[in-house]
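Asks: Okay, here's the structure, questions in a sec.
The values are calculated or read from the model by the stated rules, or taken from the named source; none is laboratory data. The model shown is predicted, which means the values in this text are computed figures rather than measured ones. Every residue, glycine as well, gets a Cβ built from its backbone with ideal geometry; the counts of neighbours run over all protein chains shown.
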There are 2 protein chains.
Amino acid sequence: MAIQAILFDAYGTLFDVYSIGRLADKLFPGQGDALAALWRAKQIEYTQLRTLCSTYKPFWEVTQDALVFSCKKLGLNLDLDAQQALMSQYAKLSPFPECLSVLQQLRAQGLRLAILSNGNSQMLEAVVKAAGMQALFNHVLSVDSVQKYKTAPEAYQIGTDMLGTGAKNILFVSSNCWDVCGATWFGYKAFWVNRAGAPMEELGVTPYGQGSSLADLPAFVEHEREHS
Amino acid sequence: MAIQAILFDAYGTLFDVYSIGRLADKLFPGQGDALAALWRAKQIEYTQLRTLCSTYKPFWEVTQDALVFSCKKLGLNLDLDAQQALMSQYAKLSPFPECLSVLQQLRAQGLRLAILSNGNSQMLEAVVKAAGMQALFNHVLSVDSVQKYKTAPEAYQIGTDMLGTGAKNILFVSSNCWDVCGATWFGYKAFWVNRAGAPMEELGVTPYGQGSSLADLPAFVEHEREHS
């Protein structure tokens with residue numbers, strides 16, 4: 001059966017988390033990229049550890065913990081002003097430049113669109129609103145409702161439950177390769193937005209589709225519908 | 001109640017995984033440290049993702065997958081000879097210099113000693129034997145029996161099941177801070193061997209004890225026994 005809906009990861013996929021590096025570099029000259037990269041890696045690691053051990057804590061708090069650790073590790077003095085400045089960026093992350101027009105095209109193709117993110121609802125609502133995308137999504141879903149982060153199957157299942165259709169009829173779109181693997185293991189058709197041209201993780205997964213930006217999605221979906 | 005047994009993590013705690021960097025540097029001059037660090041990070045990430053998604057695969061294979069990915073990511077041409085040379089190092093990793101004498105002291109203090117590792121049994125037996133440590137451990141335990149990697153509670157529970165005593169009577173020793181957190185969440189008294197002087201992970205955990213090498217263990221245990 002053809003794809004009926006598209007489920008997007010948010011951070012890194014629709015919204016540019018690494019854009020935080022620019023602010024970080026103003027606060028800590030020469031260290032912005034290193035801080036942004038370590039912060040992001042720790043943020044993800046903490047979600048995985050907390051899910052494995054059933055010690056869930058909302059994404060906003062996990063993100064803050066990861067920031068504090070990363071600054072300690074890099075020897076950066078994170079005062080309260082800097083912490084608030086960096087954290088508040090998360091509420092107003094820029095969407096990638098192609099994002100809005102691609103979402104509009106996909107809507108015009110008759111697809112239902114949703115977000116399924118590790119972010120808690122308040123964070124997601126803020127960033128979607130700041131980008132002017134409220135009207136484009138049928139659902140903005142947070143793993144907060146199951147208190148488990150991706151890649152736990154319970155997190156992915158929120159998408160099928162809310163869209164009311166099987167995982168095989170949903171294209172799950174993420175720029176995070178681990179997320180593509182988790183979604184594929186769950187049963188989604190997964191599309192990897194591989195902006196950096198990174199190698200595929202060695203996890204025995206082949207993504208259903210792949211592109212270098214969201215701009216590759218409309219043609220991919222069109223082609224998939226014609227051939228299914 | 002006083003500590004009755006000590007449960008050790010293996011890789012990074014008893015055996016020096018970063019020593020692989022030296023061989024890696026011979027094979028890929030100037031890139032050895034980067035390869036060793038990425039390989040280790042990916043190895044751990046893959047164990048966590050596979051545990052979250054119930055797609056377990058033995059540690060030897062996960063380690064090989066992580067090596068292949070890391071070389072692709074760093075643009076290194078990993079031929080079969082190099083792959084075999086690097087993987088075979090895992091079977092004969094050097095123990096840290098203080099390791100053997102500390103284990104002997106702890107035995108002399110009347111403690112039962114065991115290993116609880118992500119490594120599969122064949123890998124563990126090889127590395128323990130190569131280090132001449134067979135006689136020192138009451139148990140060499142692998143998570144392979146539950147097909148879940150640390151930090152899953154099922155993995156930590158192998159230790160209490162096999163030692164036949166409560167987690168509170170066991171000191172869990174690891175150089176991996178995430179492992180110290182997982183063990184603490186499970187209920188062990190955890191001791192962090194913080195060789196690098198790294199900051200504590202921001203996971204809301206305070207280790208029961210901490211030292212800069214295994215050499216700090218005998219006095220710590222002695223002191224803990226006198227005061228419990």
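Asks: Can you tell me how many residues within segment B:76-96 are farther than 24 Å from residue B:131 by Cβ, more than 12 Å from every other protein chain (Cβ to nearest Cβ) and touching a residue at least 40 places away in the same chain (Cβ under 8 Å)?
Replies: Going through segment B:76-96, the residues farther than 24 Å from residue B:131 by Cβ turn out to be B:76-82.
Add one more test, that the residue is more than 12 Å from every other protein chain (Cβ to nearest Cβ), and what stays is B:77, B:79-82.
If we keep only those that are touching a residue at least 40 places away in the same chain (Cβ under 8 Å) as well, we get B:82.
Summing the residues that are farther than 24 Å from residue B:131 by Cβ, more than 12 Å from every other protein chain (Cβ to nearest Cβ) and touching a residue at least 40 places away in the same chain (Cβ under 8 Å) in segment B:76-96 gives 1.
Asks: When you scan segment B:123-140, how many residues do you find that are at pLDDT 95 or above and of a type in the set (S, T, N, Q)?
Replies: Adding up the residues that qualify gives 1.
Asks: For segment A:106-157, what are the residues that are closer than 30 Å to residue A:222 by Cα, part of a helix (DSSP H, G or I) and touching a helix residue (DSSP H, G or I) at 6+ places or on another chain (Cβ under 7 Å)?
Replies: Correct list: A:106, A:107, A:128, A:134, A:136, A:143, A:153, A:155, A:156.
Asks: Pick from A:115, A:20: which is touching a Phe, Trp or Tyr at 6+ places or on another chain (Cβ under 9 Å) and at pLDDT 95 or above?
Replies: A:115
Asks: Examine segment A:141-152 for a residue that is under 22 Å from residue A:203 (Cβ atoms), modelled with pLDDT of 95 or more, touching a Phe, Trp or Tyr at 6+ places or on another chain (Cβ under 9 Å) and surrounded by fewer than 19 Cβ atoms within 10 Å (Cβ to Cβ), and state whether such a residue exists.
Replies: no
Asks: Just one of (1) within 25 Å of residue A:124 (Cα to Cα); (2) free of Cβ contacts under 8 Å to residues at least 24 places away in the same chain; (3) outside any helix (DSSP H, G or I) trips up residue A:198, so point out which.
Replies: Going through the list (1) within 25 Å of residue A:124 (Cα to Cα); (2) free of Cβ contacts under 8 Å to residues at least 24 places away in the same chain; (3) outside any helix (DSSP H, G or I), residue A:198 breaks only (1).
Asks: Right, something else. Out of (1) under 18 Å from the mean Cα position of the chain (by Cα); (2) surrounded by 15 or more Cβ atoms within 10 Å (Cβ to Cβ); (3) closer than 19 Å to residue B:98 by Cβ, what's the single condition that is false for residue B:196?
Replies: Residue B:196 satisfies all of (1) under 18 Å from the mean Cα position of the chain (by Cα); (2) surrounded by 15 or more Cβ atoms within 10 Å (Cβ to Cβ); (3) closer than 19 Å to residue B:98 by Cβ except (2).
Asks: Here's something else I'd like to know. Scan segment B:19-55 for residues that are surrounded by fewer than 17 Cβ atoms within 10 Å (Cβ to Cβ) and not in a loop (DSSP other than H, G, I, E, B) and jot them down. Explain how you work it out, then say what you get.
Replies: We begin by selecting, within segment B:19-55, every residue surrounded by fewer than 17 Cβ atoms within 10 Å (Cβ to Cβ); these are B:19, B:22, B:25-26, B:29-30, B:33, B:37, B:41, B:54.
Of everything in segment B:19-55, those that are surrounded by fewer than 17 Cβ atoms within 10 Å (Cβ to Cβ) and not in a loop (DSSP other than H, G, I, E, B) turn out to be B:19, B:22, B:25, B:26, B:33, B:37, B:41.
Asks: Any residue in segment A:60-75 that's outside the structural domain of residue A:122 (by TED's automatic domain parsing) and touching a residue at least 12 places away in the same chain (Cβ under 8 Å): show its pairings with residues that are surrounded by 23 or more Cβ atoms within 10 Å (Cβ to Cβ) and among the β-branched types (Val, Ile, Thr) at Cβ separation under 8 Å, as long as the two are six or more apart or on different chains.
Replies: If the second residue must be surrounded by 23 or more Cβ atoms within 10 Å (Cβ to Cβ) and among the β-branched types (Val, Ile, Thr), the pairs left are A:62/A:47.
Asks: Quick one: is residue A:156 hydroxyl-bearing (Ser, Thr, Tyr), within 14 Å of another protein chain (Cβ to nearest Cβ) and touching a strand residue (DSSP E or B) at 6+ places or on another chain (Cβ under 7 Å)?
Replies: So residue A:156 fails the test.
Asks: Mind checking which residues of segment A:1-18 are charged (D, E, K, R) and either buried (at least 21 other Cβ atoms within 10 Å of the Cβ) or part of a helix (DSSP H, G or I) (or both)?
Replies: So in segment A:1-18, the residues charged (D, E, K, R) come out as A:9, A:16.
Scanning segment A:1-18 gives a single hit, A:9.
Asks: Can you name the condition, by its number, that residue B:37 falls short on among (1) more than 9 Å from chain A (Cβ to nearest Cβ); (2) modelled with pLDDT of 95 or more?
Replies: Exception for residue B:37: condition (2).
Asks: Identify all residues within segment A:178-193 that are part of a loop (DSSP other than H, G, I, E, B) and crowded, with 17+ Cβ neighbours inside 10 Å; write none if there are none.
Replies: Within segment A:178-193, just A:188 meets the criteria.
Asks: Being assigned to a helix (DSSP H, G or I) and aromatic (Phe, Trp, Tyr) is the filter; apply it to segment B:56-73 and report the residue that is nearest to the other protein chains (Cβ to nearest Cβ).
Replies: Once the filter is applied, the top-ranked residue is B:69.
Asks: Out of the residues in segment A:201-217 meeting the condition of being surrounded by fewer than 18 Cβ atoms within 10 Å (Cβ to Cβ) and not in a strand (DSSP E or B), tell me which one is nearest to the other protein chains (Cβ to nearest Cβ).
Replies: A:204
Asks: Among the residues of segment B:74-88, count how many are in a helix (DSSP H, G or I) and crowded, with 16+ Cβ neighbours inside 10 Å.
Replies: Going through segment B:74-88, the residues in a helix (DSSP H, G or I) turn out to be B:74, B:80-88.
Still in the running and crowded, with 16+ Cβ neighbours inside 10 Å: B:82, B:86.
Total meeting the criteria: 2.
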